[in-house]
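Input: a single structure, listed below in structure tokens.
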Amino acid sequence: MSISADDIAYIANLARLQLSEAEKQKAAHNFENILALIDQMQSADTDQLEPLSHAIETSQPLREDIVTEQNQRDELQKIAPKCEKGLYLVPKVLE
Amino acid sequence: MFKSGIADISRSLAAGEFSSEEITKAYLARIKEKDKELNSFITLCEEQALAQAKTADANRAKGEVHLLTGVPIAHKDIFCTTGIRTSCGSRMLDNFIAPYNATVVENFNQAGVITLGKTNMDEFAMGSSNETSYYGAVHNPWNKELVPGGSSGGSAAAVAAHLCPGATATDTGGSIRQPAAFCGLTGLKPTYGRVSRWGMIAFASSLDQAGTLTRSAEDAALMLNVMAGHDPKDSTSINIATEDYTTNLNKPLQGLKIGIPVQHFAKGLNAEVETNIRYALSEFEKLGATLKEISLPNSHQSVSAYYVIAPAEASANLSRYDGVRYGYRCENPKDLEDLYKRTRSEGFGAEVKRRIMIGTYALSAGYYDAYYIKAQKIRRLIKNDFDAAFTDVDVIMGPTSPHTAFKIGAQTNDPVSMYLEDIYTIAVNLAGLPGISVPAGLVNNLPIGLQIIGKNFSESHLLNIAHQFQQATDWHTRTREI
């Protein structure tokens, strides 16, 4: 499958990544090779098979809906890039 | 002293031959002297390690001891450690100090085990050579021009160079077993869910599993005894009782049925590696085992399916790095979109970005069924192959890697050839099975690994088989002075 720099730009945007023109060209070339590897899957007959999302097929455990975590807001915000009055700061979203 | 393994150090500490403080100081000094050339540690925890050692000695004096109390080890820098940076080999987490310990780390702390430092790794565990780390490549102690394997290359190089007697590691597609093979170590990847993933930074959550890099199967058993267990904080951790993994080490192998998959001896396998592996297999026959050729007919599909599933899960897992709550944040973002994009583009390295994009593509509208669902169906085919094989044999054996360690820089421009490095190990993760790599010979003075694959939750049996092999051979004792 042929992958263009525009395809790469589209995927990069979905992944919230920003690539330079040179990076996009290189990525397009690598992508084609990787997709060729991945596309080998298509030769396998899997019509009768259920997808396997997890090797150990068990259901997720349920527990009582009670608070188990302690409030560690201050501790957790100490490592944040930008905080004020207990809030995470980001650039203005609404004018 | 440095030639000792975990079991030896544990016995010496109990016998009072040296204190934990003494051996901890000795290892710290050795790391400072030798690691400049290897780059196997990202962070050395000198102060904390000495405090832990003093506590361990005091507890021993009071008689409050676990078997491993006072033994120093290293943790792969993917496990969160309170008060000590956890970088995951990435600029994104260069400034990240976790507010909690991973369950694996907590278990070792509770047992009185000392943390010497945090070991280097491929960025977010994405790599097979330890060259994608933000902190630079790790060098193989057997030959410093060669890679140690990856992603747990720092843990492997550190143990192989006797900078620590054992280290934790993680394995998503071969990241414990392949570095074990390249560095002449015993590398155990337990069954998926046997060891808690809580506090272990996520790459591909349905495949990631913590394990060990050690100098012997006995040491791996001792470490697994501390690590294994159900953890309510990890909903995928399995609630099956653990066992004492040292109990069966000395059982004879009489009657063991070993499956030899033809696909693991096909084109692409280095001829001298094959000769050594066949010789190792004949050792098992001498120990009373029988060999039987088997087929894993879909194994050639495993790398393809893995490079859909692992990147897909990674693209979701790594979406959390947005420059808001922790980790790297770009300078002067002009708006929220710019904050996300520049933070992620500057914080992640090339391989991580590549995998995020592959995963994003595979999960995107119009491609989901063709890639993601197809890969999951292949995953079932691969699991079915193993299930069928295990009706006939007890374990499966073959080479861990098709060749010995390669030169640093040799494969960095070709992602696909790097991905094919894990051709014999990846299927094991897709099926969730336990696997162990043990040293099984030297080719041109470089170690090679024999991979032993078991049924789910057969760690005790795998360790028994590996230990018996190590009683009969001395490959695991071979080292190279650095």
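The values are calculated or read from the model by the stated rules, or taken from the named source; none is laboratory data. Given the structure is predicted, the values throughout are model-derived calculations rather than measurements. FYI the Cβ positions are ideal-geometry reconstructions off the backbone, even for glycines, and counts take in every protein chain you see. Heads up: the accessible areas ignore ligands, DNA and RNA and are worked out on the full protein's heavy atoms, side chains in. Shrake-Rupley method; radii C 1.70, N 1.55, O 1.52, S 1.80 Å.
Under 1.5 on a/c is rounded, so check that first for the protein assembly as shown, then, if it is not, pick prolate when a/b is larger than b/c and oblate when it is not; a ≥ b ≥ c are the square roots of the alpha carbon gyration tensor eigenvalues. Show your work: numbers first, answer last.
Working: a/c = 1.55, a/b = 1.12, b/c = 1.39.
Verdict is oblate for the protein assembly as shown.
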Task: DSSP loop trypsin sites (Lys or Arg not before Pro) with at most 16 other Cβ within 10 Å: longest gap in chain B - done: B:335-477
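Placing +1 at every Lys and Arg Cβ and -1 at every Asp and Glu Cβ, with all other atoms neutral, what dipole size does chain B have around its Cα centre, in debye to the nearest 20? Could the numbers behind the result be given before it?
Numbers: 46 positive and 50 negative charges, 75 e Å.
It works out to roughly 360 debye.
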Task: Column: log10 I(q)/I(0), Debye, Cα scatterers of chain B, q = 0.06, 0.11 Å⁻¹ - done: -0.24, -0.83
Open item on the list: In the protein assembly as shown, if the dipole is taken from +1 on Lys/Arg beta carbons and -1 on Asp/Glu beta carbons about the Cα centre, which of B:309, B:221, B:400 is farthest to the positive end?
Closed with: B:221
TODO: For segment B:290-321 and segment B:190-228, write down the distance between their C-alpha centroids in whole Å.
DONE: 18
- [ ] Only Lys, Arg, Asp and Glu count, each charged at its Cβ (+1, +1, -1, -1), so figure out the dipole size of segment A:1-90 about its Cα centre, rounded to 20 debye.
- [x] 640
Task: Candidate lysines for bridging to residue B:334, where Cα separation is under 28 Å - those fewer than 8 sequence places away on the same chain excluded - done: A:24, A:26, A:78, A:82, A:85, A:92, B:353
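Decide, for segment B:34-152, between rounded, prolate and oblate: order the square roots of the alpha carbon gyration tensor eigenvalues as a ≥ b ≥ c, take rounded if a/c falls under 1.5, and otherwise choose prolate if a/b is larger than b/c, else oblate. Don't jump to the answer; show the numbers that get you there.
Details: a/c = 2.48, a/b = 1.72, b/c = 1.44.
Note, shape of segment B:34-152 comes out prolate.
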Task: Residue-normalised accessible area of chain B, expressed per residue, 1.4 Å probe, Å² - done: 32
Open item on the list: If you take every residue apart from residue A:28 with its C-beta less than 10 Å away from the C-beta of residue A:28, what net charge results, scoring Lys and Arg +1 and Asp and Glu -1?
Closed with: -2
Open item on the list: If you consider only alpha-carbon coordinates, what radius of gyration and Dmax does segment B:232-301 have, in Å?
Closed with: 17.2, 47
Open item on the list: Net charge within 13 Å of residue B:65 by Cβ-Cβ distance, Lys/Arg positive one each and Asp/Glu negative one each, not counting residue B:65 itself?
Closed with: +1
Task: Candidate lysines for bridging to residue B:25, where Cα separation is under 21 Å - those fewer than 8 sequence places away on the same chain excluded - done: B:3, B:34, B:36, B:54, B:76, B:118
TODO: Please identify every one of the GluC sites (Glu not before Pro) in segment A:4-57 that sits in a loop by DSSP and has no more than 11 other beta carbons within 10 Å of its own beta carbon.
DONE: A:57
- [ ] Show that you can apply the helix-only estimate: for chain B, add -39,500 (n - 2.57) for every DSSP H stretch of four or more residues, divide by all residues, and state [θ] at 222 nm to the nearest 500.
- [x] -11500 deg cm²/dmol
TODO: Let me know the charge dipole size of the protein assembly as shown about its Cα centre in debye, to the nearest 20, where only the beta-carbon of Lys, Arg (+1) and Asp, Glu (-1) is charged.
DONE: 640
TODO: Report, for the protein assembly as shown, the % of DSSP beta bridges that are antiparallel, rounded to 5.
DONE: 75
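If exposed GluC sites (Glu not before Pro) are those in a DSSP loop with at most 13 other Cβ within 10 Å, what is the longest stretch of chain B that has none?
Values: sites that count: B:17, B:64, B:145, B:331, B:481.
Longest site-free region, per DSSP loop and neighbour criteria: B:146-330.
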Task: Helix axis angle, A:21-38 relative to chain A longest principal axis, alpha carbon, degrees - done: 70
